[in-house]
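The values are calculated or read from the model by the stated rules, or taken from the named source; none is laboratory data. This one's a predicted model, so the numbers in the text were calculated from it and none came from an experiment. So basically every Cβ, Gly included, is an ideal-geometry build from the backbone, and we count neighbours across all protein chains shown. Ligands, DNA and RNA are excluded from the accessible area calculation, which covers all protein heavy atoms including side chains. Shrake-Rupley method; radii C 1.70, N 1.55, O 1.52, S 1.80 Å.
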Amino acid sequence: MHDYLMSLALGVVEGVTEFLPVSSTAHLRIFEALAGVNLSDGYWKMFTIVIQLGAVACLPLYFRERIRGFVASFARSRDEGRGLVHPLTLTAVAFVVTAVPSLLLAKVIGKHLESLVVMGTSLVAGGVIMWVVDWLFARGRLGTNTPELEQMTLAQAVWIGFCQIFSAVFPGTSRSMATIAGGQVARMTRAAALEFSFFLSMPTMAAAVGYDLYKTLREGQGSALGGAALDAHGWLVLALGFVVSFVVAYGVVVWFMGWVRRRGFAPFAIWRILAGAAVLLFMVHRAA
């Protein structure tokens, strides 16, 4: 496939799947395998990291008013003795709960990152969990006491941060799936769980992508990023993927926020199960 078409296609895949609860990592790896992308090539390894940054960059733009309001209210809530349960504090708490164990388990995560078997299994398992949780939620079995982010508790933030560890250890689980399902179990509404998922994605993805980029450059696999080896063609391919990922991800966030307020997550659970089953069947067939 031509480099520009590959860049466009990967940018679309990343933008569509980054914030949907279907695992962008699994979908990127599956597409790259089908398209014959050489993942040992430093440039394409770096490219995958850069387009993830493109998707994450859309969130501060979309949530700019909410972020501005939270920043303005933080000092007031601290003066009122409620700083510990402010949405910005809770986002930081959940991030730390996820980040520390994930960093300690970095070797385990690295071992699983390229495994299609792990991704396929995680897609199926996560789909089943998501479907069951959303089914229980829709029938009032879980209950809700947190309709908005402003009503979240410290315990809910810690629980959601803990749930997100599984998405770091097992690629294919999906950070948004873990956050949304964890939020519903913690008695948050779908909209509140989704919004917290987006807010938590900002520091989590920025840190994860930044760390991956640092490792890639340090190991010399992506040294072309800052050197003469990356020519004008390489920069254009990289820029195209970044911009496409940003634009598509922004559109998906706008659409998904509206969808969740009217419908549940069952279609995404079904897609996960079907996609995961297809990957596992492919691996069985290839091994035969």
For the range 127-171, give me each residue that is closer than 17 Å to P87 by Cα, among the charged types (D, E, K, R) and touching a residue at least 60 places away in the same chain (Cβ under 8 Å).
E150
Just checking, how many residues over the range 121-133 are open to solvent by 10 Å² or more (accessible area, probe 1.4 Å) and not polar (S, T, N, Q)?
7
Mind checking which residues of the range 265-288 are open to solvent by 90 Å² or more (accessible area, probe 1.4 Å) and outside any helix (DSSP H, G or I)?
A288
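Filter the range 184-197 down to residues that are buried (at least 19 other Cβ atoms within 10 Å of the Cβ) and part of a helix (DSSP H, G or I), then give me how many there are.
Adding up the residues that qualify gives 8.
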Since F47 meets every condition but one in (1) in contact (Cβ under 8 Å) with a residue 40 or more places away in the chain; (2) open to solvent by less than 60 Å² (accessible area, probe 1.4 Å); (3) closer than 20 Å to T179 by Cβ, which condition does it not meet?
(3)
Might you let me know whether the range 67-80 holds any residue that is touching a residue at least 40 places away in the same chain (Cβ under 8 Å), out of contact with any Leu (no Cβ under 6 Å at 6 or more places or on another chain) and crowded, with 16+ Cβ neighbours inside 10 Å?
no
Suppose the filter is touching a helix residue (DSSP H, G or I) at 6+ places or on another chain (Cβ under 7 Å), at pLDDT 95 or above and surrounded by fewer than 21 Cβ atoms within 10 Å (Cβ to Cβ); does V16 pass it?
yes
Can you tell me how many residues within the range 9-33 are without any contact (Cβ under 8 Å) to a residue 60 or more places away in the chain, touching a Ser or Thr at 6+ places or on another chain (Cβ under 7 Å) and over 15 Å from V56 (Cα atoms)?
1
Over the range 32-70, the set of residues β-branched (V, I, T) and closer than 20 Å to P87 by Cα is V56, I67
Filter the range 232-249 down to the residues that are open to solvent by 30 Å² or more (accessible area, probe 1.4 Å) and more than 28 Å from V124 (Cβ to Cβ) and list them by number.
A232, H233, W235, L236, A239, L240, F242, V243, F246, V247
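To keep it simple, each residue is scored yes or no on (1) within 30 Å of H285 (Cα to Cα); (2) open to solvent by 50 Å² or more (accessible area, probe 1.4 Å); (3) of a type in the set (S, T, N, Q).
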residue	(1), (2), (3)
H86	no, no, no
P101	no, no, no
M119	yes, no, no
T146	no, no, yes
Q151	no, yes, yes
C163	no, no, no
S176	no, no, yes
A181	no, no, no
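Is it the case, given these coordinates, that Y214 is modelled with pLDDT under 95, more than 26 Å from L142 (Cα to Cα) and either in contact with a His (Cβ under 6 Å, 6 or more places away or on another chain) or part of a helix (DSSP H, G or I) (or both)? Before the answer, list the steps.
Working: modelled with pLDDT under 95: yes; more than 26 Å from L142 (Cα to Cα): yes; either in contact with a His (Cβ under 6 Å, 6 or more places away or on another chain) or part of a helix (DSSP H, G or I) (or both): yes.
Yes: the conditions hold for Y214.
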Just to be sure I understand, how many residues within the range 121-176 are closer than 19 Å to A269 by Cβ and of a type in the set (A, V, I, L, M, F, W, C)?
18
Among the residues of the range 12-43, the number that are under 27 Å from W271 (Cα atoms) and part of a helix (DSSP H, G or I) is 18
Show the residue pairs that are 6+ apart or on different chains and have beta-carbon atoms under 6 Å apart, the first residue being within the range 250-261 and open to solvent by 10 Å² or more (accessible area, probe 1.4 Å), the second being modelled with pLDDT of 95 or more and assigned to a helix (DSSP H, G or I).
Y250/C58; V252/V16
For the range 188-211, pairs from a residue that is at negative phi and touching a residue at least 60 places away in the same chain (Cβ under 8 Å) to a residue that is assigned to a helix (DSSP H, G or I) and among the charged types (D, E, K, R), with Cβ under 7 Å and 6 or more apart or across chains, are A191/R261; S201/R175; T204/R175
Checking the structure you have, find out if any residue of the range 53-66 is part of a helix (DSSP H, G or I), open to solvent by less than 30 Å² (accessible area, probe 1.4 Å), in contact with a helix residue (DSSP H, G or I) (Cβ under 8 Å, 6 or more places away or on another chain) and small (G, A, S).
yes
